[in-house]
Ligand SMILES: N[C@@H](CCC(=O)N[C@@H](CS)C(=O)NCC(=O)O)C(=O)O
């Protein structure tokens, strides 16, 4: 059955692979699945046809036959549960990998997104310069804890899993700041994920679309 995902017609990240279709593409590549991409303008994302698929007017979505999903974490979990390579067979190890997926989106991502939003929307406010260090220290608190847990391991819990895929996708959002550089083991962890051939294929595919959109 054909898989179709949605992505930005022209990503505001300028092809850096930070939009959340990237984690879905990466999972599809790890699972060896072909997929089509439907590109959406910001306007189309807020129109009823897309809202019927994604109630918050965002990308990505995932369609496979009559199954339509939204939320990148849920989509990656669906892919991982139905195809090999992203979740361990052992039930307890599988549960732990899924726990890391939730940790990525519900514990690590919120402070990272709060900082991004503050930079995007509050930059001109008089208090912005005072608030930013507070937001960055909240991120550091989480990075400290994650760095401590990862230690010298390659991945968070044994072999590479969807938990690492989601965690690395979230940490990549920090690459334009110096925050990740403060944690050499986390920087290496992200680089290890980015070196995977499946990541490279996913990254190149989204970059090619951005380049084509910029040329057109
Ligand atoms: N929690 C959602 C977040 C989706 C999200 O924030 N998508 C962004 C692109 S990365 C978007 O569509 N932004 C445009 C908007 O919210 O209007 C997920 O992981 O899928």
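The values are calculated or read from the model by the stated rules, or taken from the named source; none is laboratory data. Every value quoted in this text rests on a predicted model; they were computed, and no experiment measured them. As a convention, Cβ positions derive from the backbone with ideal geometry for all residues, glycine included, and neighbour counts pool all protein chains shown.
Does residue 182 qualify as being modelled with pLDDT under 95 and farther than 25 Å from residue 30 by Cβ?
Working: modelled with pLDDT under 95: no; farther than 25 Å from residue 30 by Cβ: yes.
Considered against the rule, which asks whether it is modelled with pLDDT under 95 and farther than 25 Å from residue 30 by Cβ, residue 182 comes out as no.
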### Task
Filter the stretch 63-81 down to residues that are free of Cβ contacts under 8 Å to residues at least 40 places away in the same chain and assigned to a helix (DSSP H, G or I) and give me whichever is nearest to residue 52 (Cα to Cα).
74
### Summary
Of the residues in the stretch 6-32 that are under 21 Å from residue 162 (Cα atoms) and in contact with a strand residue (DSSP E or B) (Cβ under 6 Å, 6 or more places away or on another chain), the one that is surrounded by the most Cβ atoms within 10 Å (Cβ to Cβ) is 24
### Query
Within the stretch 89-105, is even one residue modelled with pLDDT of 95 or more, within 17 Å of the chain's Cα centre (by Cα), surrounded by 18 or more Cβ atoms within 10 Å (Cβ to Cβ) and more than 28 Å from residue 35 (Cα to Cα)?
no
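Determine if the stretch 91-113 includes at least one residue that is in a loop (DSSP other than H, G, I, E, B) and either more than 9 Å from the ligand (Cβ to nearest atom) or under 20 Å from residue 167 (Cβ atoms) (or both).
no
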### Task
Return the residue satisfying two criteria in turn: it lies in the stretch 73-82 and is under 19 Å from the mean Cα position of the chain (by Cα) and closer than 14 Å to residue 30 by Cβ, and of such residues it is farthest from the ligand (Cβ to nearest atom).
81
#### Entry: Candidates 103, 74, filtered to the one that is out of contact with any strand residue (DSSP E or B) (no Cβ under 9 Å at 6 or more places or on another chain) and within 19 Å of residue 171 (Cα to Cα)
103
### Task
Could you tell me which residue of the stretch 152-166 is farthest from the chain's Cα centre (by Cα), considering only residues that are within 14 Å of residue 191 (Cβ to Cβ) and not in a helix (DSSP H, G or I)?
154
#### Entry: Filtered residues of the stretch 29-57 (kept if away from the ligand (no atom under 12 Å from the Cβ) and in contact with a helix residue (DSSP H, G or I) (Cβ under 6 Å, 6 or more places away or on another chain))
29, 30, 31, 35
### Task
Determine whether the stretch 121-139 contains at least one residue that is at pLDDT 95 or above, closer than 22 Å to residue 186 by Cα, under 19 Å from the mean Cα position of the chain (by Cα) and more than 16 Å from the ligand (Cβ to nearest atom).
yes
